[in-house]
Protein chains: 2
Amino acid sequence: MKPLLAAINRQSTPHTPVWMMRQAGRYLPEYRELRAKTGGFMRMCQTPEIACEITLQPIRRFPLDAAIIFSDILTIPDAMGLELTFVEGEGPSFAKRIGNENDIAALPRIDPINQLGYVARALELTAKELPSQVTLIGFSGSPWTIATYMIEGGSPKGSFVLSRRMLYSQPELLRALLDKLTEAVTNYLIMQIDAGAEVVQIFDTWGGILPAQSYLDFSLAPMSTIIRRVQQHSPHTPITLFTKGGGQWLTAMAASGCDCIGVDWTTNLTQARNQVGHKCALQGNLDPAILRSPPEVIRAHTNAMLQSYGNHPGHIANLGHGITPDIPPEHAEAFIHAVHDFTSE
Amino acid sequence: MKPLLAAINRQSTPHTPVWMMRQAGRYLPEYRELRAKTGGFMRMCQTPEIACEITLQPIRRFPLDAAIIFSDILTIPDAMGLELTFVEGEGPSFAKRIGNENDIAALPRIDPINQLGYVARALELTAKELPSQVTLIGFSGSPWTIATYMIEGGSPKGSFVLSRRMLYSQPELLRALLDKLTEAVTNYLIMQIDAGAEVVQIFDTWGGILPAQSYLDFSLAPMSTIIRRVQQHSPHTPITLFTKGGGQWLTAMAASGCDCIGVDWTTNLTQARNQVGHKCALQGNLDPAILRSPPEVIRAHTNAMLQSYGNHPGHIANLGHGITPDIPPEHAEAFIHAVHDFTSE
């Protein structure tokens with residue numbers, strides 16, 4: 001079994017498998033070169049050959065244990081007609097935003113195969129090219145996280161004023177939006193599995209801004225529904241749940257039925273294991289800011305992170321959040337090599 | 001005994017005491033009027049009569065149980081010569097920033113009475129004017145939080161690149177800076193107690209961005225030193241520790257010797273009490289975004305928050321972070337009244 005798949009099933013592995021969130025991205029000069037030639041982030045996502053090529057770029061450079069398909073967490077609202085664009089240096093922006101009941105009622109039910117088939121084709125192309133030990137990961141944003149972008153009309157800068165207003169003042173509207181997104185994410189992940197994704201990850205980037213009870217009701221509950229439905233379709237495809245800022249809720253996350261919990265850099269892995277036990281694998285969690293330090297510092301912190309998980313199966317080494325564009329590729333390499341060096345039999 | 005002082009000592013009170021972080025601030029029209037006349041945030045902080053007046057503004061409007069002195073968490077680096085200014089709508093900015101060993105070595109030891117005496121005088125003036133049941137609170141930023149602003153040269157926007165770089169690449173430099181700040185904060189809080197502060201609160205606004213071990217070493221350890229030293233000087237003055245994003249570390253925070261832990265809105269108070277027990281009072285934690293909702297929604301969420309703490313002594317109702325400038329004062333009032341209504345004997 002591939003190391004990452006073994007680890008996610010809490011089985012022993014010859015080394016701790018490792019990948020990095022945003023490993024196919026702007027810190028790589030070959031990515032920047034391709035982006036300059038292609039013109040436009042969404043254009044790259046929507047062209048399967050290019051998305052495949054970008055997915056493979058970090059795999060060619062580093063001995064990674066997983067490739068995550070090059071795409072974005074906002075493909076679903078784009079398919080729903082909100083018209084996603086990326087302005088260089090400013091992040092995502094929608095031409096339309098969701099502000100009231102009519103906006104939500106007007107959102108179409110999407111057909112992933114027809115509307116997001118470019119992700120499926122990119123997965124199929126990538127699956128053919130990947131080295132045999134490398135696991136292919138598909139992903140989606142969580143309903144709550146996607147909803148915040150749709151309500152804010154782009155990056156939820158600062159304090160998420162509009163999304164939190166809907167949460168507290170019109171919770172029934174938010175639920176209607178989340179229901180539509182729950183169905184869309186479910187079908188989107190199933191499509192990705194059918195196209196070759198061996199693991200799927202749900203990115204709940206903004207679950208951590210919620211009060212505990214709101215997190216359970218408005219972020220974790222829809223994700224749990226998705227997990228149940230995807231598992232009915234594909235009982236053997238592991239699902240990873242990553243809530244940034246979710247360190248207080250690991251026990252509840254483990255009860256969702258997910259196979260693996262992504263842990264951000266603020267959580268100590270020893271304590272995370274104490275809460276989750278053998279129920280889920282854990283993925284993470286080096287502070288991505290450590291990659292700005294010299295390689296010997298990266299190695300030392302990576303070792304401490306591995307030690308904090310301890311000598312048990314079920315760990316997938318990763319960063320605690322995405323790698324940032326300013327990191328020298330050699331520093332990413334130092335992290336990846338350190339994981340293999342410190343954990344090889 | 002005043003209700004807030006009783007609650008912080010885990011004694012029964014006729015109602016749950018309540019105040020709001022940033023209660024003396026821009027959401028009040030009388031504050032905006034005074035600011036327009038005075039010109040400049042630091043000018044207002046540094047003029048004791050004005051700081052006193054602003055401190056009293058919310059007390060005149062609402063039946064609050066505490067007044068927090070109008071000041072800023074960055075008075076210390078200003079006194080150290082970094083020249084703090086506030087640009088409207090952009091937050092704090094320093095003329096100089098701390099980037100290397102020489103910058104830190106050159107930082108002068110401050111003399112709070114001479115350099116920050118304006119805060120002491122504002123406290124003395126306010127103490128004379130306060131209604132007898134209202135507790136006067138003094139405060140400081142935490143060493144780590146102050147350090148982030150000094151290193152970034154102002155608001156640590158986005159990802160705290162410079163502070164986290166120093167943390168990982170030059171931890172000994174950061175320690176030297178934190179040592180200087182630990183001494184300054186200690187003497188600053190003692191001065192405030194001597195001037196009439198009945199409780200002091202340490203605002204650790206940015207402790208929550210740290211990995212667990214770094215939080216313990218670089219944020220909580222300096223705060224624990226401050227608590228020990230302040231308690232040697234003033235054994236009967238309660239100290240509150242507020243780490244935004246600190247919900248994972250409440251047990252460690254309780255072991256610092258503080259009397260009260262400020263809890264942000266992401267943490268469930270039942271779970272917080274289970275971790276902290278009777279060791280500390282808890283302060284918080286309504287999501288300040290709830291104050292954008294209609295008064296009946298505010299009442300319902302306030303009730304749920306009070307219920308989550310339960311019917312035990314030791315709760316000080318508050319928001320989970322500061323009130324924002326866009327909140328109508330009537331909504332703040334709905335929160336304050338709800339606390340008294342739901343908890344009065």
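The values are calculated or read from the model by the stated rules, or taken from the named source; none is laboratory data. What you see is a predicted model, and the numbers here were worked out from it, not measured in a lab. Ideal geometry is used to build each Cβ from the backbone, glycine not excepted, and the neighbour counts take in all protein chains shown.
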Sort through A:Arg32, A:Arg43, A:Arg10 and tell me the only one that's charged (D, E, K, R), modelled with pLDDT of 95 or more, at negative phi and surrounded by fewer than 19 Cβ atoms within 10 Å (Cβ to Cβ). A:Arg32
Members of segment B:281-298 that are more than 11 Å from every other protein chain (Cβ to nearest Cβ) and within 24 Å of the chain's Cα centre (by Cα): B:Ala281, B:Leu282, B:Gln283
Go over the candidates A:Ser214, A:Ser159, A:Ser155 one by one and state the one that is modelled with pLDDT of 95 or more, among the small types (Gly, Ala, Ser) and within 28 Å of B:Gly247 (Cα to Cα). A:Ser214
The number of residues in segment B:327-345 that are part of a loop (DSSP other than H, G, I, E, B), surrounded by fewer than 19 Cβ atoms within 10 Å (Cβ to Cβ) and modelled with pLDDT of 95 or more is 1
Name the residues in segment B:273-325 that are of a type in the set (D, E, K, R), in a loop (DSSP other than H, G, I, E, B) and at pLDDT 95 or above, would you? B:Asp287
Every residue in segment A:186-206 that is on the phi < 0 side of the Ramachandran plot and either outside any helix (DSSP H, G or I) or free of Cβ contacts under 8 Å to residues at least 24 places away in the same chain (or both), please. A:Ala195, A:Ala197, A:Glu198, A:Val199, A:Val200, A:Gln201, A:Ile202, A:Phe203, A:Asp204, A:Thr205, A:Trp206
Look through B:His301, B:His315, B:His278, B:His321 and report the one residue that is more than 12 Å from every other protein chain (Cβ to nearest Cβ) and out of contact with any Ser or Thr (no Cβ under 7 Å at 6 or more places or on another chain). B:His278
Among the residues of segment A:36-70, how many are over 20 Å from A:Met191 (Cβ atoms), in contact (Cβ under 8 Å) with a residue 60 or more places away in the chain and of a type in the set (A, V, I, L, M)? 3
Those residues of segment B:41-73 which are part of a loop (DSSP other than H, G, I, E, B) and farther than 28 Å from B:His331 by Cβ, in sequence order: B:Thr47
Segment B:303-319, residues that are within 16 Å of B:Ala334 (Cα to Cα) and buried (at least 24 other Cβ atoms within 10 Å of the Cβ): B:Met305, B:Ala317, B:Asn318, B:Leu319
What do you reckon, is B:Ile209 more than 13 Å from chain A (Cβ to nearest Cβ) and of a type outside the set (Asp, Glu)? no
Can you tell which of B:Gln170, B:Gln201, B:Gln213 is in contact with a strand residue (DSSP E or B) (Cβ under 6 Å, 6 or more places away or on another chain) and not aliphatic (A, V, I, L, M)? B:Gln201
Which ones in segment A:212-253 are surrounded by fewer than 21 Cβ atoms within 10 Å (Cβ to Cβ), within 14 Å of chain B (Cβ to nearest Cβ) and among the charged types (D, E, K, R)? A:Asp217
Within segment A:254-275, how many residues turn out to be within 16 Å of A:Met305 (Cβ to Cβ), away from chain B (no Cβ under 11 Å) and touching a residue at least 24 places away in the same chain (Cβ under 8 Å)? 2
Collect the residues in segment B:152-185 that are more than 13 Å from chain A (Cβ to nearest Cβ) and not in a helix (DSSP H, G or I), keeping them in residue-number order. B:Gly153, B:Gly154
